[in-house]
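Presented below is the structure to which this report refers.
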Amino acid sequence: MYASREDIGYDFGDNSNVGSKPIKPNPNIDGGWAWMIVLSSFLVHILIMGSQMALGILNMEWLEEFNQSRGLTAWVSSLSMGITLIVGPFIGLFISMCGCRMTAIIGGILNALGWILSAYASNVHYLFLTFGVTAGIGSGMVYLPAVVMVGQYFQKRRALAQGLSTTGTGFGAFLMTALLKYLCTEFGWRNAMFIQGAISLNLCVCGALMRPLSAKDLREKYVVRSDNEENQAKALSHSTETIKSNGVLSEEPEKKEEAANEEVLGSVQHIEIGGKSGSRRSMYGLSILKTVSQLTVTVRKGFALWYSSYFGAASLFTNRVFVAFIIWALFAYSSFVIPFIHLPEIVKQYNLSRQDNVFPLTSIIAIVHIFGKVILGIISDLPCISTWNVFLMANFTLVTCILTLPLMQTYVGLAVVCALIGFSSGYFSLMPVVTEDLVGTKHLANAYGIIICANGISALFGPPFAGWIYDITQKYDFSFYIAGLLYMVGIIFLLIQPCIQKKQPKEKSTEEGQV
């Protein structure tokens, strides 16, 4: 159904004009330092996503401290979780200009600052700014680089590497819940947030581990990837004219810009050499001028890449399959969150509290979710398996479970459905892999930033929407059914667009033949 971005006739020109000469791959691709990148990303997921999953502990403390409504207080955690994802496109700009390492380090400092300032909160609205906005933006600045770096360092084991790194969310939910509960009990919630802010500074260490690959290494990775997919591309790819007609980011402007940049730097270096006979002060000024020139060139190139990805003639939005992927992301995340909201009510309605206290249904989802990410990653990395097909099958399983969960009235039935929800939702680890297949490594940061932004919108408005439906109908069933139907609409978009994309080139070639 889908194999690679070549199959849908879309390319962004990721240095594809390379010779057939075999190139020795970098030992750090799929090995070596790549596993340190996985460790760094794993710790980021523990410290960021795990902490956000444990915010229920702090939410109870805030309710008791500020005596505000549950709805208003809940917006603190919702803002933090939503902004972490919504700022994705803007974080893509930072990555294009500063790189993943610098972006993550700055984000770690900002996240820790948000936690520490929140310890001095005098009301809920203060938390909106310090925790919801400040810590949320900081989290986003670390989260996106953590995902992008894993995609850059892995080729053959991309899905497995993403699966292993994102299991940090599940482990973090357990660890951070226990930690925050202990800290709040022993030291109070204000000191707990101060201590958590100090712990969050470890995000800077995780960012420092994100050693960037050189442009040469990224080109070698692309060559290896192209060789591995050559057989599939021959069977399913379109003509060169079709690929060009779908929009390719031209390499000529980049080359012209690089030549101009080199000319500027060369002139600065020439002035520096000529000024060696001058005073130390002039030499110091020239070195500053050279540094500023290099920084200006880097910022210009980064902004040009970011701008062309979103607003250029061959922007990401000209890829219809990617647009369908965005529409899917708008509905997907809320469908995963809603069961966590309504499961306690389901348990209470069917008098299953005793069994649920022994082994909570939400814990079943969380535990199986960890294994689902790893297993789906292993399956997707098999040579004979398409990542896209695994991704779609997991989505179909999840939407089926969402629609059937309200029909279960026994603990065993609910436990089975929750286990399937946890396993199938492991497709989250495949999202960066699918995104990279659609747009290429070069545009992964900007493209995945849009995807997690759509997820953030879903996370921000999905739960309140589900609560609004419950308030109107006084039944949890409709929340599941509406969420499931919207989720199905997103999946249908994913199914239809690749077919349309493949059909259009055939019709165009037929018209050209008639002419």
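Is there a residue in region 377-398 that is under 24 Å from residue 174 (Cβ atoms), part of a loop (DSSP other than H, G, I, E, B), open to solvent by less than 60 Å² (accessible area, probe 1.4 Å) and out of contact with any strand residue (DSSP E or B) (no Cβ under 6 Å at 6 or more places or on another chain)?
no
Number of residues in region 41-62 that are at pLDDT below 85, of a type in the set (A, V, I, L, M, F, W, C) and more than 16 Å from residue 195 (Cα to Cα): the value is 2.
On the basis of being farther than 18 Å from residue 154 by Cβ and either assigned by the TED database to the domain that holds residue 153 or surrounded by fewer than 23 Cβ atoms within 10 Å (Cβ to Cβ) (or both), does residue 371 make the cut? Yes, satisfied. Residues of region 427-439 include at least one that is open to solvent by less than 10 Å² (accessible area, probe 1.4 Å), outside the structural domain of residue 148 (by the TED database) and either of a type in the set (Gly, Ala, Ser) or more than 23 Å from residue 165 (Cα to Cα) (or both). Evaluate the following for residue 419: is it open to solvent by 10 Å² or more (accessible area, probe 1.4 Å), touching a residue at least 12 places away in the same chain (Cβ under 8 Å) and farther than 30 Å from residue 436 by Cβ? No; evaluated as a whole, the condition is false for this residue. The residue that is least open to solvent (accessible area, probe 1.4 Å), counting only those in region 399-416 that are among the hydroxyl-bearing types (Ser, Thr, Tyr) and without any contact (Cβ under 8 Å) to a residue 40 or more places away in the chain, is 404. Considering only residues that are open to solvent by 50 Å² or more (accessible area, probe 1.4 Å) and within 23 Å of residue 174 (Cβ to Cβ), look in region 43-82 and name the one that is nearest to the chain's Cα centre (by Cα). The selected residue is 81. Cβ-Cβ distances below 9 Å connect the following pairs, each with a first residue in region 140-151 that is under 11 Å from residue 40 (Cα atoms) and assigned by the TED database to the domain that holds residue 86, a second residue that is open to solvent by less than 10 Å² (accessible area, probe 1.4 Å) and outside any helix (DSSP H, G or I), and a separation of six or more residues or different chains: 145/210; 146/210; 149/210.
Those helices (runs of 4 or more DSSP H) of region 88-163 in which 2 or more residues are over 17 Å from the mean Cα position of the chain (by Cα) and crowded, with 24+ Cβ neighbours inside 10 Å occupy 100-118.
The values are calculated or read from the model by the stated rules, or taken from the named source; none is laboratory data. Owing to the predicted nature of the structure, the values given are computational and were not obtained by experimental measurement. All Cβ positions, glycine included, derive from the backbone under ideal geometry; neighbour counts span all protein chains shown. SASA here: full protein model, heavy atoms, side chains in, ligands and nucleic acids out. Shrake-Rupley method; radii C 1.70, N 1.55, O 1.52, S 1.80 Å.
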